[in-house]
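Peer 1: Take this structure, written in structure tokens, and hold onto it; I'll ask about it next.
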Amino acid sequence: MQSFHPAEPAVIPVGEGAYRVLEPLMAKLNKQFGSEHHFVPVPNSFFGGKVNVTGLLTGSDILANVQDKKIILPDVVLNNDKLFLDDMSLVQFKERYPGKVEIAKGAKELLHLLLER
């Protein structure tokens, strides 16, 4: 049986709608593995407050609300050209973000980034 331990604390930006569902799950994972990861609800200033889905977050909105720790971006915030909806490139985002930036392509990959073997 494989043993897992928490990776360095990370934040995962999500839409405000997803946050209410996901954060309780993260609290359980943190309790089980002694980790300190968190989802961060990001208000969508680009499209307006009624838009609350993760896939419509922009690089600028994420940078305005998350500025610490390692960040794990859900891959749905980027298109095939690695651009956010505000035309910020992933390279530009990494230049502006003060911490480590990783991308998770789905829940399985996110779990692997949050827990190390």
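Peer 1: Of the residues Ile62, Ile71, which single one is closer than 27 Å to Pro24 by Cβ, part of a strand (DSSP E or B) and modelled with pLDDT of 95 or more?
Peer 2: Ile71
Peer 1: Right, here's the next one. (1) under 12 Å from the mean Cα position of the chain (by Cα); (2) buried (at least 19 other Cβ atoms within 10 Å of the Cβ): which one isn't true of Asn44, the others all being true?
Peer 2: Of (1) under 12 Å from the mean Cα position of the chain (by Cα); (2) buried (at least 19 other Cβ atoms within 10 Å of the Cβ), only one is false for Asn44: (1).
Peer 1: Only residues in the range 4-25 that are touching a residue at least 24 places away in the same chain (Cβ under 8 Å) and under 16 Å from Glu116 (Cβ atoms) count as the first member; pair them with residues that are surrounded by 15 or more Cβ atoms within 10 Å (Cβ to Cβ) and hydroxyl-bearing (Ser, Thr, Tyr), Cβ under 8 angstrom, at least 6 apart or cross-chain, and list the lot.
Peer 2: Pro6/Ser35; Ala7/Ser35; Pro9/Ser35
Peer 1: Confirm whether Ala18 is within 14 Å of the chain's Cα centre (by Cα), assigned to a helix (DSSP H, G or I) and either of a type in the set (Ser, Thr, Tyr) or surrounded by fewer than 17 Cβ atoms within 10 Å (Cβ to Cβ) (or both).
Peer 2: no
Peer 1: Let me ask you something else. If we scan the range 86-99, do we find a residue that is assigned to a strand (DSSP E or B), of a type outside the set (S, T, N, Q) and touching a strand residue (DSSP E or B) at 6+ places or on another chain (Cβ under 6 Å)?
Peer 2: Checking the range 86-99: not a single residue is assigned to a strand (DSSP E or B), of a type outside the set (S, T, N, Q) and touching a strand residue (DSSP E or B) at 6+ places or on another chain (Cβ under 6 Å).
Peer 1: From (1) modelled with pLDDT under 95; (2) closer than 16 Å to Ala7 by Cβ; (3) not in a helix (DSSP H, G or I), pick out the condition that doesn't hold for Gln32.
Peer 2: (3)
The values are calculated or read from the model by the stated rules, or taken from the named source; none is laboratory data. All figures in this text were calculated on a predicted structure; none of them were measured in a lab. No Cβ is skipped: glycine too gets one built from the backbone with ideal geometry, and neighbour counts run over all protein chains shown.
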